[in-house]
Amino acid sequence: MATSTAAPKAGVTHARPKSKDDKSGKGKDKAPTFPSEFGSHSSMINAELNEKVAAAKQDAADPWQILTDERGDYATRKHRLDSGMADPNRYTDQPSREKIVKDLTAA
C-alpha cells in the first residue's frame, strides 16, 4: 500500500479568503456594542424598567437590576454587575429571561 504525499503546488493555499470590508458603511446598521459578550455591566442598566420593579420583590441586600443587551431585556442581581465574570442570567434562554422581567415588573 503506497501512499502518495505530493507536495502542494507553489502559490496554492487552502486557507479561506479574507472577507472584504465595506468601507463605505452604506446599508449597514451598527448594532449596539457592549463591554463584553457574556458579562453584565452597569452601562447596560435599563433605568425605565428598573423603576417598575415591585418593591415587594426587591431585596435590599442584593437588589434586582433590569438590563438590556442585543437579545433584549433581562434581570440579574446587583452583585453580578461589573464582576468580570459571565452572568448566567444573560445567556439563559429567551423565554426564561422574559418571564423573570415580566414577574418583576408586574404591578
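Structural remarks
- Any hit, the range 56-72, residues being more than 19 Å from P95 (Cβ to Cβ), part of a strand (DSSP E or B) and not acidic (D, E): yes
- Residue list for the range 86-107, restricted to those being open to solvent by 60 Å² or more (accessible area, probe 1.4 Å), in a loop (DSSP other than H, G, I, E, B) and over 20 Å from A55 (Cα atoms): Y91, D93
- Tally of residues being of a type in the set (D, E, K, R) and open to solvent by less than 50 Å² (accessible area, probe 1.4 Å) across the range 39-72: 2
The values are calculated or read from the model by the stated rules, or taken from the named source; none is laboratory data. Remember, it's a predicted structure, so these values are computed and weren't measured experimentally. FYI the Cβ positions are ideal-geometry reconstructions off the backbone, even for glycines, and counts take in every protein chain you see. These area figures cover heavy atoms from the full protein model, side chains too; ligands, DNA and RNA do not enter into them. Shrake-Rupley method; radii C 1.70, N 1.55, O 1.52, S 1.80 Å.
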